[in-house]
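Computed from the coordinates by the stated procedures, all read-outs in this text should not be read as laboratory data. Remember, it's a predicted structure, so these values are computed and weren't measured experimentally. Cβ placement follows ideal geometry from the backbone for every residue including glycine, while neighbour counts extend to all protein chains displayed.
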Amino acid sequence: MDQDDILSSLKDYEEILQSEVYVDVDRLRILARHGVPQQIRGEVWKYLLGVERADRCKSPITIPPQRLEEYGQIDKTDPDVAKRIRGEVNRYQRKVKELEGKHFAEQFENVILAYLNTNRNVEYTPGLVALCAPFLYCLDKECDAYYCFERMMQAIDEEVDLNEWVTSWLQNLLAKEMAFEDVLRLWDVYFAILDPLELHPFVCLAILRHVKEKLEDLEQSEIRTILLRLPRLNIRMIVAEAVNLRHETWERQISEDAEL
């Protein structure tokens, strides 16, 4: 997206977000599929995830002061888990320079512990750090990052059995393997559509197709390295191919059902 496109897109978003009566989330979803400018990505994500209510004439689900107060009351202590989080955050920050620093390290610990202490059935895994990172980067307030993270994790818990073995690609929405900028761009699309977890496996297939030629002549150890740390990707192209793959799968399934 060139500078003129970014400015045009930003104006479109601001027109929606500055509405005094109603934020048109459907329009936000349409725009977000093509990417959200970083300046307002966090604000847009809050609406796409339902943390902010679109109808400003009614009381929001949780108005910001209440949201901050509720978040402040959540227990964020667990020395053993906190130590494990700090270790993974330290490794993650060496890889993702955008989130370096003590400030972010403390936020990672607070948000993840708050989530785990609120959801006692969920066990800590290192992948939670990568899943939390985009929200800390895009949202100014820690409590907003927490509630967006919580909303996304609820969706994952409903669709994916985290106790069942699944690849990191599927379980962590590629947050650990993709370049950070690509994660942000992909999640713009995911939060803009109603069935992101249904599309996600096809995104994974599209990526495999994209990197297939690079993998063909490599040793197993080299293949593993690439799949665990993907090169920069054209997310628009990957998503388009994923949508086509899903459509082809549906058509094939319909055809097979008709033959029965």
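What the table shows:
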quantity	calculated
Student exercise, segment 99-243 dipole from Lys, Arg, Asp, Glu Cβ charges, in Debye to nearest 20	280
Segment 233-249 residues near the modelled Glu213 label - backbone nitrogen below 16 Å, point 7 Å along Cα→Cβ	233-234, 238
Sorted by Cβ neighbour density within 10 Å, fewest at the top, the residues Leu199, Leu228, Leu10	Leu228, Leu10, Leu199
Selected from Val243, Ala114, Phe149, residue furthest toward positive end of dipole (the chain; charges at beta carbon)	Ala114
Entries in Lys46/Lys212; Lys46/Lys95; Lys46/Lys176; Lys83/Lys214; Lys102/Lys214; Lys83/Lys212 that, when Cα-Cα distance is taken, lie over 31 Å	Lys46/Lys212; Lys83/Lys214; Lys102/Lys214; Lys83/Lys212
Separation of the Gln66 and Glu106 label points, Cα + 7 Å toward Cβ, nm	2.8
Built amide H within the under 5 Å cut-off of Tyr22, gap 5+	Arg56
Translational diffusion coefficient (Stokes-Einstein; Kirkwood radius from C-alpha pairs) of the chain at 10 °C, 1.306 mPa s, in µm²/s	80
Sum of -39500 (n - 2.57) over DSSP H runs of 4+, divided by residues of the chain (222 nm, nearest 500)	-22000 deg cm²/dmol
Rounded, prolate or oblate (a/c below 1.5 giving rounded, otherwise prolate when a/b exceeds b/c) for segment 62-159 by Cα gyration tensor	rounded
Net dipole in debye of the chain [+1 Lys, Arg Cβ; -1 Asp, Glu Cβ; about Cα centre; nearest 20]	800
Whether segment 3-57 is rounded, prolate or oblate, judged on the alpha carbon gyration tensor where a/c under 1.5 counts as rounded	prolate
Intensity falloff of segment 179-260 expressed as log10 I(q)/I(0), Debye formula with alpha-carbon point scatterers, at q = 0.19, 0.20, 0.25 Å⁻¹	-0.88, -0.94, -1.20
Segment 62-159, dipole about Cα centre (Lys/Arg Cβ +1, Asp/Glu Cβ -1), debye to the nearest 20	460
Those residues of segment 227-245 whose amide nitrogen sits under 12 Å from the label point placed on Lys95, 7 Å along Cα→Cβ	227-231
